[in-house]
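Trainee: Here it is: the structure, laid out below.
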Amino acid sequence: MKIDLHIHTSTGSDGALPIEAVFLEAKRRNIDFISITDHDSIEHQGKAIALAASHRLKYITGVELNVTFLYKNKPVSLDFLGYGFDYKNRALNDKLQVIREHRGKRARQILNNLNIEFTREYRPLFTDMDLKNMQKGVDGILSRPHIADYLIKKSIVDSRQEAFDKYLIKCDVPKYPLSLEEASALVRGSGGQLVLAHPNDRNGTSLVSITKDLAEQTGIIAEFMLKYIDGIECWHSRNDKTTTSHYIEFCKRRSLIMTGGSDCHQKPILMGTVEVPEWVAEQF
């Protein structure tokens with residue numbers, strides 16, 4: 001059985017392919033069990049369930065939530081995956097609607113900050129027309145990767161990395177401050193399980209922002225998170241063997257579920273490239 005429980009789409013967030021194309025590609029790659037985990041979005045989970053059935057794939061509802069984790073009174077951005085929840089749950093949907101609205105306001109504020117930088121550089125400023133052009137190719141909520149792509153299109157930068165390094169880090173605006181306690185209550189309250197995503201991802205949102213030491217990372221989880229989470233993403237496209245082994249051992253000691261996935265945004269297409277053991281599916 002081939003498993004991938006961490007996939008993004010352009011329909012719901014910042015993937016490159018619409019949800020229909022994602023399922024076609026998953027079928028082509030002989031993936032058996034998947035989850036669509038778009039950022040702060042579950043509005044297309046019903047469609048995902050239907051598409052999985054039509055392609056004869058095993059499916060579990062999914063979402064990736066950005067959480068503001070307070071560590072020593074300092075806010076740390078972390079990602080958590082919700083699985084197996086009722087996607088029609090009212091409380092969960094209402095909160096995600098609030099977060100989506102905040103994302104829209106955040107995108108406009110980032111553009112305002114970009115214009116401050118452009119003024120200093122004597123560049124033409126972004127207008128409402130630029131905002132509309134950015135949103136044309138976005139099915140879900142406009143986010144920083146979309147803005148980066150537009151900066152490339154306008155020949156302001158040559159790559160996403162340059163866009164972030166030169167502009168988007170300094171022009172960033174805080175995400176919606178969802179606490180770990182609230183994220184846990186929302187996912188568990190809708191019948192799901194909450195999983196810490198890519199805890200040692202050195203190129204993403206992870207505990208690396210606090211410490212690169214694996215033992216210290218799991219010490220933080222043990223002290224502050226166990227009350228609120230059900231598992232950890234142990235297999236990830238940017239994990240090394242040491243990271244995966246360390247987190248498997250920790251989950252076994254703490255009786256936590258273990259998940260895995262490519263975190264595929266289709267840039268390039270990574271679906272099904274992470275070797276996740278078949279027994280992971282049995283946990284659900």
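Trainee: Every residue in segment 184-208 that is modelled with pLDDT of 95 or more and over 15 Å from Ile232 (Cβ atoms), please.
Mentor: Ala185, Leu186, Arg188, Gly189, Ser190, Gly191, Gly192
Trainee: Quick check on Thr119: is it out of contact with any His (no Cβ under 9 Å at 6 or more places or on another chain) and either assigned by TED's automatic domain parsing to the domain that holds Ile42 or modelled with pLDDT under 95 (or both)?
Mentor: Numbers: out of contact with any His (no Cβ under 9 Å at 6 or more places or on another chain): yes; either assigned by TED's automatic domain parsing to the domain that holds Ile42 or modelled with pLDDT under 95 (or both): no.
So Thr119 fails the test.
Trainee: Next question. Considering only segment 157-265, give the helices (runs of 4 or more DSSP H) lying wholly within it that have at least 1 residues that are surrounded by 15 or more Cβ atoms within 10 Å (Cβ to Cβ), without any contact (Cβ under 8 Å) to a residue 40 or more places away in the chain and more than 20 Å from the chain's Cα centre (by Cα). Give the derivation first.
Mentor: Details: elements: 160-163, 180-189, 214-224, 241-254.
Where helices (runs of 4 or more DSSP H) fall fully within segment 157-265 and carry at least 1 residues being surrounded by 15 or more Cβ atoms within 10 Å (Cβ to Cβ), without any contact (Cβ under 8 Å) to a residue 40 or more places away in the chain and more than 20 Å from the chain's Cα centre (by Cα), they are 160-163, 214-224, 241-254.
Trainee: Let me ask another. Name every residue in segment 83-105 that is surrounded by fewer than 18 Cβ atoms within 10 Å (Cβ to Cβ), charged (D, E, K, R) and modelled with pLDDT under 95, in order of residue number.
Mentor: Residues satisfying the conditions are Arg100, Glu101, Lys105.
Trainee: Exactly one of these conditions fails for Arg108: (1) more than 30 Å from Ile49 (Cα to Cα); (2) modelled with pLDDT under 95; (3) in the same structural domain as Leu180 (by TED's automatic domain parsing). Give me its number.
Mentor: Unmet condition: (3).
Conditions (1) in a loop (DSSP other than H, G, I, E, B); (2) surrounded by fewer than 16 Cβ atoms within 10 Å (Cβ to Cβ); (3) outside the structural domain of Glu278 (by TED's automatic domain parsing); (4) modelled with pLDDT of 95 or more, marked per residue:
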position: Ser13; (1), (2), (3), (4): yes, no, no, no
position: Ala16; (1), (2), (3), (4): yes, no, no, no
position: Glu20; (1), (2), (3), (4): no, yes, no, yes
position: Phe23; (1), (2), (3), (4): no, no, no, yes
position: Ala26; (1), (2), (3), (4): no, no, no, yes
position: Asn30; (1), (2), (3), (4): yes, yes, no, yes
position: Ser41; (1), (2), (3), (4): yes, no, no, no
position: Arg56; (1), (2), (3), (4): yes, yes, no, yes
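Trainee: If you check Phe80 against the conditions, is it buried (at least 23 other Cβ atoms within 10 Å of the Cβ) and outside any helix (DSSP H, G or I)? Walk me through it before giving the result.
Mentor: On the way: buried (at least 23 other Cβ atoms within 10 Å of the Cβ): yes; outside any helix (DSSP H, G or I): yes.
So Phe80 fits the description; yes.
The values are calculated or read from the model by the stated rules, or taken from the named source; none is laboratory data. Model, not experiment: these values are computed from the prediction. No Cβ is skipped: glycine too gets one built from the backbone with ideal geometry, and neighbour counts run over all protein chains shown.
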